[in-house]
Amino acid sequence: MPDLVKRAKTFATSAHQRIEHKRKYSQQPYEVHLKSVANLVREVGGSEQMIAAAWLHDTVEDTPATHRDIEENFGSQVATLVRELTDVSKPSDGNRALRKAMDRDHLAGASAAAQTIKLADLIDNARDICKHDENFARVYLGEMAALLDVLRKGDKELMRRARKLLQKCMDQLGVSFIHPLPASGTEDKAAASLGFSRRRVQRLFSEAFTAKDIAEPLPSFDGDRLARGVQALMQEAGLQVAGVRDRGIVVGYIRREELTGETCLDHSRGFSPDQQIYGDASLSEVILVLSRHDHCFVTMLNTVSGVITRTDMEKPIVRMWLFGIITMLEIRFTELLREIWPNDAWVEKCSPGRLKKAHQLLEERQRRGAHHIGLVDCLQLSDKGYLLVQNQQFLRDFGFSSKSQADQAIRAMESLRNNLAHGQSITTQDWPQIVRLGQRFLADQQY
């Protein structure tokens with residue numbers, strides 16, 4: 001196995017393992033899917049860079065790794081392929097049908113190499129979905145058919161296999177035509193189940209805390225300025241990134257560490273569509289961008305004028321927002337416990353030690369006059385999570401593939417809450433949990 005491919009396999013496997021990412025239906029390690037995609041690309045003569053990108057194709061989309069991580073470890077060619085294969089849509093762009101249309105347009109403009117990898121990805125996913133989930137297969141096959149119409153630059157053999165598999169799955173389902181999900185926004189049961197009935201509160205968290213509240217101004221320089229002079233100015237000002245102007249308009253950005261050529265334009269990078277947001281975008285959108293890129297650029301008055309990095313997640317407004325989100329989730333956990341085990345039937349599943357602490361806290365609160373408080377309200381967040389992960393419907397509704405994955409996520413959420421409460425840094429060990437809160441638990445804000 002070539003060194004590049006070997007390193008990509010190791011990097012991708014490790015990245016997905018760290019978040020306990022598994023195949024949805026079979027619960028196999030996610031590397032099984034990555035290996036299948038890479039093997040398909042290899043079978044049709046894919047280059048070393050294409051096979052490496054096949055291993056890495058979901059890394060930026062699903063793990064804390066960013067596009068810059070891919071570029072630094074595997075070079076610009078592999079990074080470009082991964083960028084072409086990564087979805088550009090955001091939750092606020094609309095329901096599933098609208099988001100898939102945006103991602104399809106993105107893939108339509110991708111290179112032949114990237115389209116070949118996407119064909120391999122479609123083949124392996126279709127096999128798995130059609131085998132295990134007949135209802136969703138009808139949706140997925142519609143999306144697959146639409147994608148095949150735009151992946152015409154991809155490998156002809158993989159295209160033939162994909163169309164043959166599409167027809168085979170349709171025959172198995174007994175359908176003569178397929179169609180994508182309606183644009184009503186009601187299709188995502190997992191996301192909808194996370195939606196609080198308190199729409200006013202949810203709207204407050206999505207509208208009152210926005211990108212412009214935490215963005216830093218983006219200084220910019222004319223593109224024809226000498227790179228070394230600009231680098232010195234950025235060093236003096238403590239700037240890691242700055243905008244580049246062409247005829248007065250900011251058209252790209254530069255990184256201080258990369259300024260070694262003649263002019264700023266020599267090192268300018270364009271703003272990718274999934275790297276920009278408007279100033280009124282929610283913080284969950286900011287987090288989504290920062291899960292893929294090192295910099296999130298903010299557009300105000302039709303020009304890029306601000307920048308946000310993961311460091312900005314330490315700002316008080318973000319910490320307050322995250323704490324509020326966790327609080328709302330804990331309230332939802334309490335409601336679910338009452339729904340699933342009415343009349344405190346959950347006590348039979350709770351350990352004696354945890355139950356004793358809950359009773360002690362209940363007595364103390366009632367002594368202070370809080371007579372409306374129930375025993376379930378006195379459980380710790382981890383205790384509520386421990387009980388809920390034993391319920392299969394909870395796991396399905398919250399998108400967890402296993403009890404152990406749910407346990408880990410809830411422990412991480414409690415750790416993040418504790419770090420927020422005690423003023424500890426949250427952008428190092430808590431970053432995966434911040435992404436999880438921003439993307440998974442708040443994905444329903446669009447409905």
Seminar exercise, completed: Taking the reciprocal of mean 1/r across every pair of different Cα atoms in the range 64-131, the Kirkwood radius in Å is 13.3
Problem set entry | Rel. contact order, % - alpha carbon contacts under 8 angstrom, at least six apart, the range 33-165 | 25
Exercise. For the chain, what is the mean residue ellipticity at 222 nm derived from helices alone (per DSSP H run of n ≥ 4: -39500 (n - 2.57); sum divided by total residues; nearest 500 deg cm²/dmol)?
Worked result: -17000 deg cm²/dmol
Seminar exercise, completed: Computed Rg/Rh for the chain (Cα atoms; Rh = Kirkwood radius) stands at 1.00
Exercise. Rg to Rh ratio, the range 237-382, alpha-carbon atoms and Kirkwood radius?
Worked result: 1.26
Exercise. What lysines sit close enough to residue 212 to cross-link, taking a C-alpha to C-alpha distance under 19 Å and skipping anything fewer than 8 places away on the same chain?
Worked result: 90, 315
Exercise. Over the range 71-112, what relative contact order in percent results from Cα pairs under 8 Å that are six or more residues apart?
Worked result: 38
Problem set entry | Debye log10 I(q)/I(0) at q = 0.16, 0.18, 0.26 Å⁻¹ for the range 220-303, Cα point scatterers | -0.63, -0.77, -1.21
Exercise. On average, how much accessible surface per residue is there in the chain, in Å², for a 1.4 Å probe, leaving out ligands, DNA and RNA?
Worked result: 47
For this session: Evaluate the distance, in nm, between pseudo-label points positioned 7 Å from the Cα of residue 276 and of residue 225 along their respective Cα→Cβ axes.
Result: 2.1
Seminar exercise, completed: For the chain the mean separation of alpha carbon contacts under 8 Å (6+ apart) over residue count, i.e. relative contact order in percent, is 15
Seminar exercise, completed: Sorted largest first, the Cα spans of the range 1-71 on the principal axes come out in Å as 30, 29, 17
For this session: May I ask for the Kirkwood hydrodynamic radius of the range 328-447, worked out over all distinct Cα pairs and given in angstroms to one decimal?
Result: 15.6
Exercise. GNM, the chain, Cα, under 10 Å: largest mean-square fluctuation among 54, 281, 421?
Worked result: 421
For this session: Enter the Cα centre distance for the pair the range 364-400 and the range 227-244, rounded to the nearest angstrom.
Result: 51
Problem set entry | Reference-scaled alpha-carbon Rg (2.2 N^0.38 Å with N residues) for the range 24-142 | 1.06
Exercise. What are the aspartates and glutamates whose alpha-carbon lies under 18 Å from the alpha-carbon of residue 24, with same-chain residues fewer than 8 places away excluded?
Worked result: 58, 61, 62, 121, 124, 128, 133, 134, 187, 188, 397, 407
Seminar exercise, completed: Cross-link reach from residue 349 to lysines, straight Cα distance under 24 Å and at least 8 residues apart if same chain, gives 357, 384, 403
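The values are calculated or read from the model by the stated rules, or taken from the named source; none is laboratory data. Predicted model only: the values in this text are computed from it and were never measured. Cβ: placed from backbone, ideal geometry, glycine included. Neighbour counts: every protein chain shown. For accessibility, only protein heavy atoms count, side chains too; no ligands or nucleic acids. Shrake-Rupley method; radii C 1.70, N 1.55, O 1.52, S 1.80 Å.
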